[in-house]
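Beneath this line is the structure, given in structure tokens, with notes to follow.
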Amino acid sequence: MNRKTLGFVLIALALLILPHLLTQVGTAWVRIANLAILFVFLSLGLNIVVGMAGLLDLGYVAFYAVGAYVWALLASPHFGLHLPFWIILPIGALLACLAGAVLGAPTLRLRGDYLAIVTLGFGEIVRIFMNNLSAPFNITNGPKGITRIDGMQLGEMNFMATDTLFGIPFTGPTKYYYVLLLLLLLIIVVNLRLQNSRIGRAWVAIREDEVAAKAAGINSRNVKLLAFAMGASFGGIAGGMFAAMQGFVSPESFILHESIMILAMVVLGGMGNVWGVIAGALLLSFVPEFLRYTVEPVQKALFGQLLIEPEILRMLLFGIALVLTMRFRPAGLWPESRHKLEAKEAKEASA
Amino acid sequence: MDIFLQQIINGLTTGSVYAIVALGYTMVYGVIQLINFAHGEVVMIGAMVAFTVIMAIVGAGAPLPPIVIVLAGVLAAIPVCMTVGFLLERVAYRPLRHAPRLAPLITAIGMSIILQQLALLIWGRDPRAFPQIMENTSFSLGGAAISSVQIAIILMSIALMAVLTWFVYRTKFGIAMRATAENVSVAGLMGIDANRVIAGTFIIAAGLAAVAGVMYGTYYGIAHYTMGFILGLKAFSAAVLGGIGNLAGAMLGGILLGLVEALGTGYISEFTDLCKWPVVGAEGMLMERCAADGHVVLFGSNYQDVFAFLVLIMVLVFRPSGLLGERVSERA
Amino acid sequence: MNTAVKVLSLSVVAAVAMMGCGKKEEAPKPAAAPAAPAAPAVTVVKLGHVGPLTGGIAHLGKDNENGARLAVEEANAAGIKIGGAPIKFELVAEDDQADPKVGNTVAQKLVDAKVVGVVGHLNSGTTIPASAIYNQAGIPMISGSATNPALTEQGFKAVFRVVGRDDQQGPAVANYLISAAKPKVAAVIDDATAYGEGLANEVEKTLKAAGVKVLPREKGTDKTADWKAVLTKVKGKKPDVIFYGGMDATGGPLLKQARELKIGAVFAFGDGACTDKMAELAGAAADGMVCSQAGIPVQAAGKKFLDAYKAKFNIDPILYSPFTYDAAMLMIEAMKKADSTDPAKYLPALASIDFNGASGNIQFDDKGDRKDAEMTIFAMKDGKVAPFAIIKGGKSLTLDEYAALGAPAAAPAAEAKPADAPAAAPAQK
């Protein structure tokens, strides 16, 4: 037990000093780390819907988009509004939550694969609307996106500038890193608490056998709706942070590809298992960065020319990973313990 | 009126292409209740292969009539697509036949990505221009123009539908397919090799996809490695609209979706022009803009891709069995 | 991070710091240098370039990078001394994948690497968010291809562009249409991207101002192949001209299908569809279409540039490389003028520069846009787009007249008479 605590303390310390180490290499790496944390956050949000409740949602990016646009519209010169983050983030989460409920209510009685297609359609509809709500009345500024979005502002501390505290410089990206880390901690706690709560068990029951769950007295409709709404609101928070960090949002950032990417993080890591999902998200965030710097030189050294662009190779590996995971480890690389049990039972049953 | 008629012709042509692709979805779904997400990519591969063959023949300067060259393209595309369809089933889907429902769907997404990237490697990123070899004679039909290619596409899809119906209801393999669709294990007891039937279904669906790909390519004059995805989604919507698992339904759904898209794109702005409606509360501001521009259109053709998804959602919510589907699936 | 890079960046820091201290101390240096038998220590100065090197428009990104690289190598060959010390420029090329997220990350990388100036990015979508990062770091940035007006409307002092804005290109092609086709009714279609919509908006504005009735905007997407429904609707309103804001991949099918529907209107396009690919995609239907490009046509760029580019990279320049070449040249010129490679010192010199580059004379207005940027009108003839008019200062000039203005393009443009121009056009491929 003591060793476990020590481990946690060490990891926490490492995470705390990480941005300062990365800054030594280059602030760019702090930005990369920030985006990685953001994606971990997103996949944990999606994990509630897909992993725990077993509802395949291919339009998750829509909620992310809602959060990002809420921030962009309420804190930029576009409407001349500059609200503080502690008003915007809750609004973003709330609106995303509402969007989740709006999508969920009519579609929840659909079967798994139909639900997937409908959510995909919903995601596309949201993107198309954001892309086109510039005429006849300009709401989202259309494909041009919204520029000069305010960063976070905490009292006197501006997240765009560098401050020095105890002789240690804190750059803008480093400050965002700490905020994101805090949010990440929050969502991990939520995920862990949910896993063994009444609601969490109800979700798993529905995931495994909806008819039986209903017979056991679970109101499957409400419980599923809750999963959708909860997952969506985390997507909304992530979207707000994204807008603040980038200072720019446009519909291009919320294409179907992003939804599939987040889904792949959840699936690859292990649906339902918090640590697995985190590992999956980190893996898929850093592997592309790694490929970008290695694929070209390696191929040039081996074949003397570039045969496969890093971009194509990345997507190919991505597709292959999805297929192979489903084939050989359908519960993910780091499966949930309950899943592990089922997989074992299934094997015995089929043998 | 001629404009309306023209939109109907446009819709019928696009709808015929949707219908052929939708047949593929519906057949596979009918037999093993799987949404073959990668079906759109098979269409794309069909178009690309046909394009390569047609270009090679044109490049070689062979003095063949255009229709023969296009047919050569189709004949080359069909076996390639059938092989892809067979491999898809054998390698990706068959091992997952008893896995949880989500597994084959995620695999299908993965296969879709893989096929797209492979096509990108082989044919590159540039859109491929289908050579303009078919002389595109236009006929006048009540003031609207209908081209020979459009007529060919509509007739071809009707013919394919007829052949397919005959095949499913009159041949031994077709009967085996229907038996498997009813109940895999009972069909097995009757001496039907389910694996063979399922593989055969995938192959036939892929063959149809190849034809659809060539139709698309010759009609629009373009093929691109990303063309399959959205086409596949729309065709899937068409299949659901008609009642998934139902052949006639796929045809009907395809044509209807084509018409909805063409008429929606053509007329939605007429109905959402705020200058034509009494809008309570904003007359002043609207009047000014209506005077300046003559129109304040709320929804225009920019929402054309929304129609297919809206149709899909509406059908699934209000009539999940589709227009012609009779059985509501109970499997969760 | 290998050690070489670290040493280089350290030496840059040192150089910048030295220059920051003023020139007095450095003055004796050149005198001392001849005394020493060894060559004087060369200061390495880094310039950044960003463009998409992977993805759909990687070839354009590479072309942009080549332009900047050529400028840097020419400057190195010329042996420039700044602040008395010989300077070696080094181009740090980054790939933004045309993705704003990646664009911000690589922008930060360049800031980390302590570049003194950045040429790029290519797309407006990546340039606009990245410009905030450069501006905050006080590093001058010049884009050779981002045409979205919003870039220079942000009020950033360190942000410039040498290419014309959409709201300069749009009016140019619209005015040409107004004078050549005298339309009463016009239809404007776009592909619902930032580029296509932005350009279409500017065209619509100009047409309306000239009293032309503009139909409600029609839209597709950047992947649309089926334009029949949209075109049929437009046909019913009988427009005299149709403008499409979008790329060739969608513009080609649009043009082909319009002719199939027997629409006789004049078709006009922006630079995204001003390529020979249009003829390939639309066939004979493409003949007679008009299109515009921001800036001067590649084949009218300085002959010196064209030859040097061809000699160095063994291919013809594609699209924006004359502009990125000029962008890099401008920075180097400004550093020479200010006699400093410190961004804070040479920035004022850059803002007030008056320079004759491969793309003509360049001066910046107070927003950082190019003053009086040229626009070129092309027409499709026999499967090739050929330039036939350059719009400068609101006037339409033929290539010969433009050459006669005595711009640096004089020599090549005179050689490349309109008859030759199509021959040079394969560069468009």
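A few remarks follow.
- In chain A, Cα pairs under 8 Å separated by at least six residues give a relative contact order of 28 percent.
- A simple charge model with +1 on the Cβ of Lys and Arg, -1 on the Cβ of Asp and Glu and nothing else charged puts the dipole of chain B at about 1220 debye relative to its Cα centre.
- Cα long-axis angle, helix B:148-170 against chain B (0 to 90 degrees, to the nearest 10): 40 degrees
- The apolar share of the surface of the protein assembly as shown, taken as the fraction of accessible area on carbon and sulfur atoms (1.4 Å probe, ligands and nucleic acids excluded), comes to 66 percent.
- Measuring r between the beta carbons of A:Asn138 and C:Ala311 and using R0 = 60 Å, the FRET efficiency lands at 0.75.
- Ranking A:His78, A:Val211, A:Gly145 by how far each Cα lies toward the positive end of the dipole of the stretch A:14-255 (charges on Cβ) leaves A:Val211 at the top.
- Exposed loop sites were defined as chymotrypsin sites (Phe, Trp or Tyr not before Pro) in DSSP loop states (anything but H, G, I, E or B) carrying at most 15 other C-beta atoms within 10 Å; in chain A the longest segment without such a site runs A:167-351.
- Modelled spin labels at A:Ala12 and C:Ala78, positioned 7 Å past Cα toward Cβ, are 6.0 nm from each other.
- For C:Ala93, residues with placed amide H under 5 Å, excluding near neighbours: C:His49
- From helices alone, the protein assembly as shown scores -20000 deg cm²/dmol at 222 nm; the rule is -39500 (n - 2.57) for each run of n ≥ 4 DSSP H residues, then divide by the residue total.
- For the stretch A:227-311, the spread of Cα positions along each principal axis, largest first, Å: 52, 33, 20
- For C:Asp326, C:Asp382, C:Asp342, the ranking by accessible surface with the largest value first comes to C:Asp382, C:Asp342, C:Asp326, using a 1.4 Å probe.
- Helix B:283-293 and the longest principal axis of the C-alpha atoms of chain B enclose an angle of approximately 80°.
- Per residue Cα convex hull volume in Å³ - calculated over the stretch B:2-318: 172 Å³
- Amide H contacts of C:Ile391: C:Met375, C:Thr376, C:Ile377, C:Leu397, each under 5 Å away and 5 or more positions distant or on a separate chain (H built 1.01 Å from N in the peptide plane; Pro and chain starts excluded).
- For C:57-66, mean number of other protein chain Cβ atoms within 10 Å: 1
- Using alpha-carbon coordinates, inclination of helix B:39-60 to the longest axis of chain B, degrees: 90 degrees
- Note on the stretch A:193-351: percent of Cα-Cα distances in each 10 Å bin, starting at 0 and stopping at the bin with the largest distance, equals 9, 26, 32, 21, 9, 3, 0.
- Extents of the stretch B:66-118, taken as max minus min of Cα coordinates on every principal axis and listed largest first, are 49, 20, 14 Å.
- Amide H contacts of A:Leu333: A:Gly269, A:Gly270, each under 5 Å away and 5 or more positions distant or on a separate chain (H built 1.01 Å from N in the peptide plane; Pro and chain starts excluded).
- Estimated dipole of the stretch A:14-255 in Debye, rounded to 20 [Cβ of Lys and Arg +1, of Asp and Glu -1, Cα centre]: 420 debye
- Enclosed volume per residue, in Å³, of the convex hull spanned by Cα atoms of the stretch C:93-237: 120 Å³
- Kirkwood Rh in Å, taken over all unlike Cα pairs in the protein assembly as shown: 31.2 Å
- Accessible surface area normalised per residue over the protein assembly as shown is 39 Å², counting heavy atoms of protein chains with a 1.4 Å rolling probe.
- At q = 0.14, 0.15 Å⁻¹ the log10 of I(q)/I(0) for the stretch B:82-190 amounts to -0.98, -1.03, computed by Debye summation with a single uniform scatterer per C-alpha, solvent ignored.
- Shielding of A:124-131 by partner chains, average beta-carbon count, 10 Å: 4
- Efficiency of FRET between B:Val317 and C:His59 - r from beta-carbon atoms, R0 35 angstrom, step 0.05: 0.15
- Debye, to nearest 20: dipole size of the stretch C:85-124, +1 on Lys, Arg Cβ, -1 on Asp, Glu Cβ: 160 debye
- Partnerless cysteines in chain B, where a partner means another cysteine C-beta under 4.7 angstrom, comprise B:Cys81.
- Beta bridges assigned by DSSP with both partners in the protein assembly as shown are antiparallel in approximately 55 percent of cases.
- Residue-wise HN-Hα coupling along the stretch C:340-345, computed from phi with Karplus coefficients 6.51, -1.76, 1.60 (Hz; x: Gly, Pro): 7, 9, 6, x, 5, 7
- Rg and Dmax, both from the Cα atoms of chain A and both in Å, are 21.1, 66.
- Convex hull volume per residue for the stretch A:129-228, taking Cα atoms only, in Å³: 198 Å³
- For C:Lys277, a cut-off of 15 angstrom between C-alpha atoms picks up these aspartates and glutamates, skipping any fewer than 8 places away in its own chain: B:Asp126, C:Asp248, C:Asp287, C:Asp382.
- Rg/Rh, computed from the Cα trace of the stretch C:198-285 with Rh as the Kirkwood radius, has the value 0.93.
The values are calculated or read from the model by the stated rules, or taken from the named source; none is laboratory data. Computed from a predicted structure; not experimentally measured. With ideal geometry, Cβ positions are generated from the backbone for all residues, glycine too; neighbour counts draw on all protein chains shown. The accessibility values were calculated without ligands, DNA or RNA, using every heavy atom of the protein model including side chains. Shrake-Rupley method; radii C 1.70, N 1.55, O 1.52, S 1.80 Å.
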